[in-house]
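Below is one structure, written out as structure tokens, with a few remarks after it.
No value in this document is a laboratory result; all are computed from the given coordinates. Note that the coordinates shown come from a computational prediction; the quantities given were computed from them, not determined experimentally. For neighbour counting, all protein chains shown are included, and Cβ atoms are generated from backbone atoms with ideal geometry for every residue, glycine included.
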Amino acid sequence: MEGILFPRGVVEGREGLTEYRARGGYQALAKALEADPEDTVKEVSAAGLRGRGGAGFPTAKKWAFTREAPDQPRYLVMNGGEDEPGSKKDRLLMENLPHLVIEGVIVSAYAIGAAKAYLYINANYEAALKSMTDALAEAKDAGYWGQTILGSKFSLDIEITPAPHNYVAGEDTAVLEVIEGKKPLPRQKPPFPVTVGLFGKPTSINNVETLANVAPILLHGSDWYRKFGTAESPGTMIFSLNDDVNRPGIYELPFGTPLRYLIEECGGGMKGGGKIKAIMPAAPSSAFLPPDKIDTPLDHNSMREAGSALGCGVVHLIGEETCIVEEVLKISEFFTVESCGQCPACRMETNTLTSLLKKVQQGQGGQPLLEQFGKVIAFNKGKGFCNLIAMPGPPIESALKLFPADFAAHLATGKCPAN
Amino acid sequence: MKRLCLICQNVDCKNRGSEQLMAELQKRVEARALADDVEVKSYMCFGACQEGPNVVLYPEKNWYAGVKVEDLDEITDHLAGGPHVQRLDTIDPSLKELIYQLLDTGVF
């Protein structure tokens, strides 16, 4: 299937500067620099580009907020923390298509009027760090960043910051803290980074995949871009499939492609040919979908209407033989461990949910135990500095709704029905 | 089952002295020969850190907030059958209900 980021399918191996130029590389930058920065914002707005880090926020809107903030200097931050379990898309982009990403960074920095861009890259991604470091040197030698880029008045400095690899370190404001030399702890919002961000200055923080979409939009135009995807989610998205399918990997698909196509045609179906019990479209924090929702289109609105979310595209399948109680306990324990601990409500919620699930797992209680989950989640709704507090809720509440028999079996026997 | 005297030991409450509070309360419970009836026990978090340290008596369901060492004699009196310490009873009823239900389901 034709893609935007990978026009001939996911490439194996790194694309160097010569190869990238041969397919139009850095022409989007030249084109952008010939026009006003606002024109780039307008084109990306017309294309309807939405953030690929999970929230799906309109990129041009984020840029406009940053541009319009009165304070100077402004910063662009590329978020390549990628700490979602099972997500490999940003790593692959940085390893194999570093110039596509870097061109996106430079054009985006021009759009918001940034003086400096920071590339925040997961420190575990050694190959990605090397690929991006090498590509930055190549691009600088070619005059694509530095002083007076391509003879224009625009100058940009770029620096790489290795990112710690715990979950919260990928949260936008925790990213800013790390770049400032501090611990990866999310900040209270508001103020939002678009007005008070890095070093207190207006900052646009964009995901790697989001930035990789910018050069193709500028080069080919928003009308071309909108030929992919749906009206509200234009373009393509990279989905990550893991070893619960026959062909794990990453797949670039137009938004709106049925989930079934990703699972069956790309992934080759459930590993071992087993039956699907549940689908988690945005692991590990989305609601489970029952198997009859397998034809749901992969776009933000459709997934929301189906009762789940698209997130950053890590699709996880639960096999029929798997007990959902054990699954959600693993998820709950993950968030308990990954909660940074600075917000009391988050500590209370994540710990309590895990305690409740362990009680269920061991059959220590009855129906009243199950009624506590919703109350604890509701009590903590909207609290905390970051969104982690909202993450265990959808998996747990959807599991309770869709698979009450698994919970009942644990409560009745203290044993897992799957074993 | 012994009656429980639960003291939150999460980060905020520890910063407000809940470890010392727990040790001091344990001493008083022993000094008043209540230890056979009352267990002083740490609790992960009652979700009321801003009003901590918190002490919850269970199963009688009394919640004392913002407890200081100088309040412990009155709380010990209460454990020994004395009056409820009204001035420390400041927690929102909806939070009390949530936590009491959790305790009723055995989440300690």
Tell me the label-point distance for the pair residue A:364, residue A:265, using the 7 Å Cα-to-Cβ offset, in nm and rounded to one decimal. 5.0 nm
Nearest-5 percent of antiparallel DSSP beta bridges in the range A:236-319? 85 percent
Semi-axes (Å, rounded, descending) of the ellipsoid equivalent to the range A:353-405 per its C-alpha gyration tensor are 21, 12, 10
With +1 assigned to the C-beta of every Lys and Arg and -1 to the C-beta of every Asp and Glu, and no other charges, what is the dipole magnitude of chain A about the Cα centre in debye, to the nearest 20? 780 debye
May I ask what percent, to the nearest 5, of DSSP beta bridges between residues of the protein assembly as shown are antiparallel? 45 percent
List the equivalent ellipsoid semi-axes of the range A:201-341 in whole Å, largest first, each obtained as the square root of 5λ for an eigenvalue λ of the Cα gyration tensor. 28, 20, 13
Contour excess over end-to-end distance, with Cα ends at residue A:157 and residue A:34 and 0.36 nm allotted per residue: 42.3 nm
Which is farthest toward the positive dipole end of chain A among A:131, A:351, A:394, measuring Cα position about the Cα centre, with Cβ charges +1 (Lys, Arg) and -1 (Asp, Glu)? A:351
Of the trypsin sites (Lys or Arg not before Pro) in the range A:96-158, those whose Cβ has at most 11 other Cβ within 10 Å and which sit in DSSP loop: A:153
Mean Kyte-Doolittle of at least 1.6 and a Cα length of 30 Å or more along the axis: which whole DSSP H helices of chain A meet both? none
Length-normalised contact order of chain A, Cα under 8 Å, at least 6 apart, in percent, tallies to 16 percent
How big is the charge dipole of chain B about its Cα centre, in debye rounded to the nearest 20, if each Lys and Arg gets +1 on its Cβ and each Asp and Glu gets -1 on its Cβ? 160 debye
The range B:3-104: projected area of the alpha-carbon convex hull, averaged over directions, in nm²: 5.6 nm²
Extended-chain gain in nm, criterion 0.36 nm per residue less alpha-carbon gap, residue B:95 and residue B:77: 4.0 nm
Please compute, for peptide B:2-10, the average count of beta-carbon atoms on other protein chains lying within 10 Å of each residue's beta-carbon. 1
For all pairs of alpha-carbon atoms in the protein assembly as shown, what percent lies in each bin of width 20 Å, listed from the first bin to the last filled one? 21, 46, 26, 7, 0
The range A:324-413: D in µm²/s via Stokes-Einstein (Kirkwood Rh, Cα pairs, 10 °C, 1.306 mPa s)? 123 µm²/s
Based on the mean of other beta carbon atoms within 10 Å per residue, what is the order of B:95-103, A:13-21, most packed first? B:95-103, A:13-21
If you wrap a convex hull around the Cα atoms of the range A:236-319, how much volume per residue is inside, in Å³? 71 Å³
